[in-house]
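Comments concern the structure below.
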Amino acid sequence: RTRELAAETEKVRALAAELEGRVQERTAALETVVREMEAFSYSVAHDLRAPIRAIDGFSAMLEEDHAAGMGPEAAHLVARVRAGANRMGRLIDDLLAFSRATRAALARGPINMTGLARRAVAGQAREAAEGGVEVRAGELPPASGDDALVGVVFDNLLSNAIKFSAGRPGALVEIGAEERDGVVEYFVRDNGIGFDPRYASKLFEVFERLHRSDEFAGTGIGLALVRRIVEKHGGRVRAEGEPGRGATFSFTLG
């Protein structure tokens, strides 16, 4: 009986070792594919910059040098070409930022989260003022992580909150933190247009948008970048909102 049990135990160990080996092989293969896809995305985005700039540049020359000879329809079409080129340029910049955040190694260290949040507020003070949005940044507990990347998180969440609150009466964006189950969770909360909570998970996908680009500017990469940076830190990000009643984006850092 003892011998049979020992034999069965050995078989289980062998199967477990084989399974672990297969998991490691597939994980390594997946990591290779991801790296190749990221490198490809970076290369494509980088190579697209030159022709996009050329399109915008030549269109600008048409507007400046041949405006008198263009009728209203031609002028309108050239303006649309330039607007499309500028949007594509912003999209490429966002894709490159997304790729860099994915590829870059973390430079971990202590982070003054209060200072980081206030720098984000100062950097977007003009946009907030133009949209009639009041921004409040409270005292935040310190954290550990990559100062530059976490700054990108605050920049994107704050920009998002201002964009979807601008023009509304009493528009307010708050940056704060609270403790949940012993973990500090930082948040950016607004009282803007909000969103349908059924689609909360889509907000963090690349190119996913819940509003048309002609209603609200953007490329659909900002929140995907936020999630990538937060997960790179071993944290998590979540969104809560209701239509017409604002939204709250929260994140933790591992």
Ignoring everything but the protein chains, give the 1.4 Å probe accessible area of residue 8 in square angstrom, nearest 10. 100 Å²
Amide H to amide H under 5 Å from residue 145: which residues, 5+ apart in sequence or cross-chain, H placed 1.01 Å off N in plane? 109, 111
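Of 240, 179, which has the most accessible area and how do the rest follow, probe 1.4 Å? Don't skip to the answer; put the middle values down first.
Values: 240 90, 179 135 Å².
Heavy-atom accessible area, descending, gives 179, 240.
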Rounded to the nearest 10 Å², what accessible area does residue 162 show when all protein chains are kept and the probe is 1.4 Å? 10 Å²
Work through the residues other than residue 109 whose Cβ is under 10 Å from its Cβ and net out their charges, Lys, Arg +1 and Asp, Glu -1. -1
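Ranked by accessible surface with a 1.4 Å probe, highest first, in what order do 252, 27 come?
Values: 252 10, 27 65 Å².
Of 252, 27, the descending order of accessible area is 27, 252.
The values are calculated or read from the model by the stated rules, or taken from the named source; none is laboratory data. Remember, predicted model here, so these are calculated numbers, not experimental data. Every residue, glycine as well, gets a Cβ built from its backbone with ideal geometry; the counts of neighbours run over all protein chains shown. When the accessible area is computed, the model is the full protein with side chains, heavy atoms only, and any ligands, DNA or RNA have been set aside. Shrake-Rupley method; radii C 1.70, N 1.55, O 1.52, S 1.80 Å.
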